[in-house]
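Colleague: Provided herewith is a single structure, encoded as structure tokens, for subsequent inquiry.
The values are calculated or read from the model by the stated rules, or taken from the named source; none is laboratory data. A quick note: this is a predicted structure, and the numbers were derived from the prediction, not measured. When we count neighbours, we look across all protein chains shown, and the Cβ atoms used for this are built from the backbone with ideal geometry, even at glycine. Surface areas here come from the heavy atoms of the whole protein model, side chains and all, with no ligands, DNA or RNA. Shrake-Rupley method; radii C 1.70, N 1.55, O 1.52, S 1.80 Å.
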Amino acid sequence: MTTAPESPRLALKAPPLSRLHEWVVTVDHKKLGLMYITSGLLFFIIGGLEATMMRWQLAWSDMGVVMPDEFNRLFTMHGTTMVFLVGMPILLGSANYLVPLMIGTRDLAFPRLNAFGFWLFLFGGLLLYFSYFGGQGLYGMGSAPDVGWFAYAPLTERTFSRGHSTDYWILGLLVSGFGSIATGINLVATILCMRCKGMSLMKMPIFVWIMLIDAILVVIAMPPLAASQVMLLFDRSLGAHFFDVQGGGSAVLWQNLFWFFGHPEVYILILPAFAFVSEIIPVFCRKVLFGYPLMVAATVAIGFISLGVWVHHMFAVGLSPAVNTAFMASTMLIAVPTGIKMFNWVATMYGGKIRLHTPMLFSLGFLVQFLFGGLTGIMLAVVPFDWQVSDSYFVVGHFHYVLFGGLVFTIFAAIYYWFPKVSGKMLSERIGKWHFWTLFIGFNLTFAPMHVSGMLGMPRRIYTYHADRGWEIWNLISSIGVLFQIIGVLFFAWNLLRSLKKGKPAGDDPWDAWTLEWSTPSPPPAWNFDVDPEVRSRRPLWDKKHPEDPDWKYE
Amino acid sequence: MDQQHQSEQHPVELPCPCAGPLIAAFGVTFMFAGIVTTWSVAIVGLSFALAGAVHWWREVLPDPREYEPVIDTHPDAIEARIGQVGRLMAQPTHRARIPLEIHPYSAGVVGGIIGGVAMAVVALIGSLASHGSLWYAVNVLAGTILPSIGDMDQTALSAFHGGALAVGLGIHIVMSLFIGLVYGVIMPLVPRWPLFWAAIIMPAIWCGLTLASLSVINPALEMHIEWGWFIGAQVAFGLACGAWIVKSEKISTMQNWSYLERLGMDSPGVPGMQAEDES
Amino acid sequence: MSTIDTNAALPELAPVHNLPKGKLGVSLLILSEIFFFGTLIAVYLFYIGKDLSGPYPQDVLDPPFAAPTWAPMAVSFNSIFLLTSSIWIWLAVKALEQGAMARFTLFWALTIAFGGVFLAGTGFEWYGLIAEDGLWLNTNLFGSCFFTLVGFHAAHVTIGLLLMTIVLVLTLCGYNHQRHAGKVDLLSWYWHFVDGVWIFVFTVVYIIGYYG
């Protein structure tokens, strides 16, 4: 099969300024998706550098690489960046790019709102980082936010957080949060209003189903955060008393409000990981996804239950045993649908002709690491155990296994899988494997020892520790792992830039895949489909490739 | 190829590029930034936001502005490859072991009730024998949920507590039914002497687990348990429940019937049919 | 397997029930607003009776079931204006759907007027609370919660009034036609939502908060 000739629009290179103009005024879902993902990756580098500074500081006892107050800013900005400026844009961007292609339509339901959402996210992120320059305030005491990514009251009150750093945290996230809500609404409307002929709800690719639930969670979970941030802003700028303990306010209320957003938020972040691997694993095992209806049901269940588990972040606060027990039970309950998904992925691989290309390698890495992170999550759901390790490095290890070992690994899997579609060029498999193995080794070197240092009692967020605690060796291993991770990310960057210039041409369908996006040219033109697609099963391209045994006979 | 349908298609229309959202988003950000800088920043932001919004609305009202792109790239045709589809076949050496016959679930439930009664009798006798009070065992059982019980002394534990009776009864009924069900499901799977497993091995596992973990879960409770009677009560449950389940009539499952058998065809000699003597 | 006739007729396409995107979009916006106001209302309920110092709601708020007085208008009387405006906007949209432009303009202007009366009433009430009773966001918890919750509702009323005024101006300039009824209807959904939220805000602030 020959590859599509390079489009004449691309061959004629417009002058840089007009190309820039074309990108900033675009309302095209593919361009916006790419801008989302690109800015997410750039913020990923910034957040990674912040983490590197922290690991350097903690590599041995009594180091002096950064000062304590700078360390506070580093972990605050690292957490905030990774959740709001890396996870969110990459998930919204990939949904932006792929959902219309997968459901056979030309754009999102509200293309201009989509552009508005993206720019709000980007400007919100920039506003947050502007705090490094503008956060001094009246007392010259601020800089970047330094109150932790969940900004616990009353530390955020004016008395304790002088200057404007916390205000920038509020405003930056508020602005980018509005953008996320707008794009969430847009995605739900697109999926429910614009599917192509024949694509009933149960014939949607599983990716689209998961993104639908994800977008609904965004629409539901972000407004409570916005409301709480507005209240905090009123506390700080107008002297209200919501979280001001001296004025009768409640610090625990902030925790409740924040985690009512925060726990759905971590499911908002991990659901796209499920979406990516649910598309990738079947293609690289040459089998249909095992248990599609159950996968959908499990996704809906996760969406529901995730709204009712937030107190497990607050077990150490001292709420009543009844409350703790109830939330312990609901937290354990969420392991059931998640376990169903794990078994479905494994069952998909069972008996398949597995091709160990880079996307599959990253997906396998996800399965192993997410399982590990999920199991420590069940440990942490047990209240007495949580009391022992709450706010320790055990928790840090746990959620990095879920969000880094889970989400980030699948983001890389997704990039290796869909990059040929997006750019028309293959990424190098050789460099890709180097990327995977260095990152895999580096990741586990960094985060597995954190479980040990946490059990040994090392609290999170400390900027250094004395030599007599026995924590040095574990921290040193963690920090050495960072070197491997940096090498891995450099491999990735090199692969990306090199393949954009001289990668092997990909053709329309390099992986012999089955969803609609692979029936468009690579890169897809602005109009996506010459002919409005018609769909009779969950794998429309399979039906065309294997007309003697099409899927619609079985669904 | 679908090209012949193209004439029936609607014309391809795409939304025109629009700077409104960018300008509006910029303005909104500046409006918020005005809160932490000065009011003039907010004014600038407001004017940008309004300009962007007007630009945007003029783009979509009364009807969204669209353009027809020049369709100059086409996807490759998708080739059909006949005869390349394989099938997963279950091998004779497949590791799955599925019970051909199971006890009905009702046997598990009834067994749980009978076992629960037997267990209660033994536990109450033990309570009466060692502390001279029927309520001691009930209170200790309720202590697995009610934290206040752990703090009681021996005399308080021997007294009657209405709440503890309700909770203890609830735990006992739920656990008896649940474990009875588990017995019903597991017993067809255990090798050789089901009753031995039910009356000895499973209580041993359960008691061992409790012994090992109780000091962590509820140390106060651990001091009050009479281990001899506790083990006796577990064995009584296992014996009564297991005996009932073993006595019940097994029903066969369709799990590994062949396709022909599920269709209801009776044709000995066809490969994959179950041997007659197994039923 | 390969002997199966590959040219066998394809099955019918499954029916696809795509929803109207404008209505779904506004419904989702309302859903997210419900969670926004839900948070503020939950916080209000949480802080009822937890003030360390006065003024307390019983001292300064209008009793909900007292006879209406004129200055400032009792809130319950004032609320009737807001709730009634929902009827006017419903009639206006029906008129637009039938193409009766004059009737539409009349009812639309009535909606704006009734919404405006409500907003003015809130303004009077706030003036009294701030200037006479000395209650503001920083006075106590009641002040913080009251001005935030009622203020956000008033802000939503204001946005609704602005948008409706734009539609009114466009109508008077002759740009509005029967075929835009769908879009105008969406605006009315938003207005119904703002009215609906007020029922909850009123219950929480002026009944539960007053007697609680």
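Colleague: Would you mind getting me the FRET efficiency between A:LEU42 and B:SER252? Use the beta-carbon distance for r and R0 = 60 Å, nearest 0.05.
Modeller: The pair A:LEU42/B:SER252 has a calculated efficiency of 0.40.
Colleague: Using only protein heavy atoms and a 1.4 Å probe, report how much of B:ILE186 is accessible, in Å² to the nearest 10.
Modeller: 60
Colleague: Using a 1.4 Å probe on the protein heavy atoms only, what accessible surface does A:ILE473 show? Give it in Å² to the nearest 10.
Modeller: Looks like 90 Å² after rounding.
Colleague: Then there is this: Share of the stretch A:14-553's accessible area from carbon and sulfur, percent, 1.4 Å?
Modeller: Heavy-atom surface of the stretch A:14-553 belonging to carbon and sulfur, 1.4 Å probe: 74 percent.
Colleague: Suppose every Lys and Arg Cβ carries +1 and every Asp and Glu Cβ carries -1, with no other charges. What dipole size does the protein assembly as shown come out with about its Cα centre, to the nearest 20 debye?
Modeller: For this selection, approximately 1800 debye.
Colleague: Right, next: For A:VAL309, what charge total do you get from the other residues with a beta carbon under 15 Å from its beta carbon, if Lys and Arg give +1 and Asp and Glu give -1?
Modeller: The answer is -2.
Colleague: What are the aspartates and glutamates whose alpha-carbon lies under 16 Å from the alpha-carbon of A:LYS353, with same-chain residues fewer than 8 places away excluded?
Modeller: Within reach: A:GLU279, A:ASP512.
Colleague: Give, as a single signed number, the net charge of other residues whose beta carbon lies under 11 Å from the beta carbon of A:GLU555, with Lys and Arg counted +1 and Asp and Glu -1.
Modeller: Charge balance near A:GLU555 sits at +3.
Colleague: Same structure, new question: Treat every Asp and Glu Cβ in the stretch A:449-503 as -1 and every Lys and Arg Cβ as +1, leave all other atoms uncharged, and give the resulting dipole magnitude about the Cα centre to the nearest 20 debye.
Modeller: So the dipole magnitude of the stretch A:449-503 works out to roughly 420 debye.
Colleague: Also, quick follow-up: Would you mind computing, in nm to one decimal, how far apart the modelled labels at B:VAL109 and C:LEU83 are, each placed 7 Å from Cα along Cα→Cβ?
Modeller: According to this spin-label approximation, the distance is 4.9 nm.
Colleague: In the stretch A:280-300, which residues have a backbone nitrogen under 20 Å from the label point lying 7 Å from A:MET342's Cα in the Cα-to-Cβ direction?
Modeller: Residues A:280-282, A:290-292, A:294-300 fall inside that zone.
Colleague: Taking Rh as the Kirkwood radius, which is the inverse of the mean 1/r over Cα pairs, what is the Rg/Rh value for the stretch B:15-66?
Modeller: Taking Rg over the Kirkwood Rh, I get 1.12.
Colleague: With all pairs of different alpha carbon atoms counted, what Kirkwood hydrodynamic radius in Å does the stretch A:186-269 show?
Modeller: 15.1
Colleague: Turning to a different aspect of this structure: If each DSSP helix of 4+ residues adds -39,500 (n - 2.57) and the sum is divided by the residues in the protein assembly as shown, what number results at 222 nm, nearest 500 deg cm²/dmol?
Modeller: Dividing the helical sum by the residues of the protein assembly as shown leaves -21000 deg cm²/dmol.
Colleague: Another question about this same structure. Which one, C:ALA109, C:TYR206, C:ALA181, is farthest towards the positive end of the dipole of the stretch C:78-212 when Lys and Arg carry +1 and Asp and Glu -1 on their Cβ?
Modeller: C:ALA181
Colleague: Let me ask another. On full extension of the chain, what length is gained from A:GLN246 through A:HIS466, given 0.36 nm per residue of separation minus the C-alpha to C-alpha distance?
Modeller: 75.7 nm
Colleague: Before we go on, tell me the buried accessible area for the A/C pair, both chains summed, 1.4 Å probe, in Å² to the nearest 100.
Modeller: 3500
Colleague: No solvent, one uniform scatterer per C-alpha: report log10 I(q)/I(0) for the stretch A:452-555 via the Debye equation at q = 0.20, 0.23 1/Å, two decimals.
Modeller: Values, matching the q order: -1.08, -1.20.
Colleague: When all protein chains stay in place, what accessible area (Å², nearest 10, 1.4 Å probe) is found for A:TRP418?
Modeller: A:TRP418 has an accessible surface of roughly 10 Å² with all protein chains in place.
Colleague: So, one more: Select from C:PRO55, C:PRO63, C:PRO11 the residue whose mean-square fluctuation is largest in a Gaussian network model of chain C (Cα-Cα springs shorter than 10 Å).
Modeller: C:PRO11
Colleague: Where nothing but the Cβ of Lys and Arg (+1) and of Asp and Glu (-1) is charged, how large is the charge dipole of the stretch A:403-555 around its Cα centre, in debye to the nearest 20?
Modeller: 660
Colleague: Let me ask another. Could you tell me which trypsin sites (Lys or Arg not before Pro) in the stretch A:320-401 are loop residues by DSSP with no more than 14 other beta carbons within 10 angstrom of their beta carbon?
Modeller: A:LYS353, A:ARG355
Colleague: What is the extension gain from A:TRP437 to A:SER61, computed as 0.36 nm multiplied by their sequence separation minus the C-alpha to C-alpha distance, in nm to one decimal?
Modeller: Full-extension gain reported as 132.4 nm.
Colleague: Oh, and also: In whole Å, what three semi-axes, largest first, describe the equivalent ellipsoid of chain A built from its Cα gyration tensor (square root of 5 times each eigenvalue)?
Modeller: Semi-axis lengths for chain A are 38, 26, 25 Å.
Colleague: Something else now. Evaluate E = 1/(1 + (r/R0)^6) for C:THR203 and A:PHE385, where r is the Cβ-Cβ distance and R0 equals 51 Å; express this FRET efficiency to the nearest 0.05.
Modeller: Given R0 = 51 Å and the Cβ-Cβ separation, E is 0.75.
Colleague: May I pose another question? Per residue, how much accessible surface does the stretch A:223-273 expose to a 1.4 Å probe? Answer in Å², no decimals.
Modeller: For the stretch A:223-273, the solvent-accessible area averages 18 Å² per residue.
Colleague: For the Cα atoms of chain A, what angle does the longest principal axis make with the long axis of helix A:292-305, in degrees from 0 to 90, nearest 10?
Modeller: For helix A:292-305, the angle is close to 20 degrees.
Colleague: What accessible area, summed over both chains, is buried at the B-A interface (1.4 Å probe, Å², nearest 100)?
Modeller: Interface between B and A: roughly 4400 Å².
Colleague: Report the Cα-based extents of the stretch C:78-212 along its three principal axes, largest first, to the nearest Å.
Modeller: 51, 25, 19
Colleague: Specify the angular offset, from 0 to 90 degrees and rounded to the nearest 10, of the alpha carbon long axis of helix A:111-134 from the longest principal axis of the alpha carbons in chain A.
Modeller: Value to nearest ten degrees: 30.
Colleague: For the protein assembly as shown, take N as its residue count and report Rg(C-alpha) divided by 2.2 N^0.38 Å.
Modeller: For the protein assembly as shown, the normalised Cα radius of gyration comes out at 1.06.
Colleague: Separate question: As I understand it, the dipole of the stretch B:102-252 uses +1 on the Cβ of Lys and Arg and -1 on the Cβ of Asp and Glu, about the Cα centre. Which of B:VAL246, B:GLY132, B:ILE231 lies farthest toward its positive end?
Modeller: In the stretch B:102-252, that residue is B:VAL246.
Colleague: Using a 1.4 angstrom probe, figure out how much accessible area the stretch A:493-547 has per residue, in square angstrom, rounded to the nearest whole.
Modeller: Here the residues of the stretch A:493-547 average 36 Å² of exposed surface.
Colleague: May I have the pair-distance distribution P(r) for the stretch B:102-252, computed from all Cα-Cα distances with 5 Å bins from 0 and rounded to whole percent?
Modeller: P(r) for the stretch B:102-252, in whole percents per bin: 2, 10, 18, 21, 19, 13, 9, 5, 2, 1, 0.
Colleague: Further question: Which angle from 0 to 90°, rounded to the nearest 10, does the C-alpha axis of helix A:472-502 make with the longest principal axis of chain A?
Modeller: 30
Colleague: Between A:TYR152 and B:ILE205, what FRET efficiency follows from the Cβ-Cβ distance if R0 is 51 Å, with the result rounded to 0.05?
Modeller: Efficiency computed from Cβ-Cβ geometry: 0.70.
Colleague: Note down the net charge around A:LEU232, summing +1 for each Lys or Arg and -1 for each Asp or Glu among other residues with Cβ under 14 Å from its Cβ.
Modeller: Value of the local net charge: -2.
Colleague: Over the stretch C:93-173, give the accessible area per residue in Å² for a 1.4 Å probe, as an integer.
Modeller: 40
Colleague: Based on the alpha carbon coordinates of the stretch A:351-461, what radius of gyration and maximum Cα-Cα distance (Dmax) apply, in Å?
Modeller: Final numbers for Rg and Dmax: 16.5, 53 Å.
Colleague: Considering only protein heavy atoms and a 1.4 Å probe, what is the carbon-and-sulfur percentage of the accessible area of the stretch B:102-252?
Modeller: The nonpolar share, carbon plus sulfur, comes to 77 percent.
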